[in-house]
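Shown next, in structure tokens, is the structure this report addresses.
None of the figures in this text is laboratory data; all of them are computed from the coordinates on show. Just so it is clear, the model here is predicted, and its values are computed rather than measured. Glycine also receives a Cβ, built like all others from the backbone with ideal geometry; neighbour counts cover every protein chain displayed.
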Ligand SMILES: C[S@@+](CC[C@H](N)C(=O)[O-])C[C@H]1O[C@@H](n2cnc3c(N)ncnc32)[C@H](O)[C@@H]1O
């Protein structure tokens, strides 16, 4: 019984530590909190990303990996995610295991990675970070690579597509690098 109590205490301690680390990283390093893309809006992307089986999608700031798992299952895409915050990263690892997914997950700052392998890049980040990420992708990626933004986008650039829901509320902005 004492051993059980000790294990619960240790796990609680680790969880609290991870939560503190996540809050710290969110405020001081990521500068954007973990807010996952809503699952019900993902199917809006489906008709626009058909016939891309086997291509590589990066989620730069992948959170719990939801978008990549969805893209793997529904679109047959390969996935690679970068996440800088410990708790969302841990969630993504557990999720990958439970889903038996092949998505690659890296505990890393995407600004320090090379994005050149991507065929598609997905991001859900605040505007100043999206603009910085767009410039990075433009420098590193092949021409024609899709850059897909959820909600926030590089304001000064015209997307090739704006994807809205049935009430005409825009959610996704697609750019071609
Ligand atoms: C709004 S959430 C979006 C999560 C996921 N992409 C989705 O759409 O469900 C943004 C995530 O990006 C992560 N992030 C922010 N800056 C990052 C960076 N430089 N490198 C890696 N991850 C970053 C944050 O920790 C957060 O989990």
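When the test is whether a residue is closer than 17 Å to residue 34 by Cα and out of contact with any helix residue (DSSP H, G or I) (no Cβ under 7 Å at 6 or more places or on another chain), residue 107 does not pass it.
Is there a residue in the range 116-125 that is in contact with a helix residue (DSSP H, G or I) (Cβ under 6 Å, 6 or more places away or on another chain), more than 26 Å from residue 40 (Cα to Cα) and exposed (fewer than 12 other Cβ atoms within 10 Å of the Cβ)? Yes, there is a match, as at least one residue in the range 116-125 is in contact with a helix residue (DSSP H, G or I) (Cβ under 6 Å, 6 or more places away or on another chain), more than 26 Å from residue 40 (Cα to Cα) and exposed (fewer than 12 other Cβ atoms within 10 Å of the Cβ).
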